[in-house]
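Each reported figure results from applying straightforward, stated rules to the coordinates on display, with no laboratory input. The structure presented is a predicted model; accordingly, all values stated were derived computationally and were not measured.
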Amino acid sequence: MRARERDYYWEITQYVGPHTCVTPTLTQDNPKMDSTFIASCIVPDVIMTPGIRVSAIIDRIRVMFNTTVKYKKAWRAKHKALGRAFGNWDRSYAIMPRWLEAARHFNPALGHLKPILQIDGTFLYGKYTGTLLLAVGQDGNKKVVPLAFAIVEKEKCLLCQASVEQLEQGVKEREAEEAICPDRTNNAEA
């Protein structure tokens, strides 16, 4: 160790050896460690376990950097890491129509479907809310084939009825013998 004398103190100018000082601020939420930095550190963990708990992320950062981050910062980091690993809501929402159109266009089995039509919906969560309504058929290999979709704010009776009427018209044009339309909400007549 080298030191030089100043007016009222000694200044260490060179030290060879491990650093043993612990600053108390390192154990609290570090403002320089933002959610973007944390996200870049946890992307591999999020890829391995997409449903990783926020508390596990806080523990991981504590082990990696000897600092504790706040829950909200870790939560934001998790969602940023999920976006980096798997794409974000905006991108997923934007490519869904193209994906379904490509599936319809490039699937040669669409002309050879069984006379079964299934209609169902699922709620969307996250930035984009609403209901995804999907009509699917089944090919000769018992594979599910998407036929039509709609994203609606709420599964409303009139919209469902109009959609079912359009689908019934398509079934009649194909002269199908039977169409199965499960309706668990009893809001639409099939």
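What full-extension length gain, to one decimal in nm, is calculated for Met33 and Phe123 as 0.36 nm per residue of separation minus the Cα-Cα distance? It would help to have the intermediate numbers written out before the result.
Working: separation 90, 0.36 × 90 = 32.40 nm, distance 3.51 nm.
The Met33-Phe123 span can extend by a further 28.9 nm.
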Long-range amide H partners of Leu147 with built H, under 5 Å: Ala135, Val136, Gly137
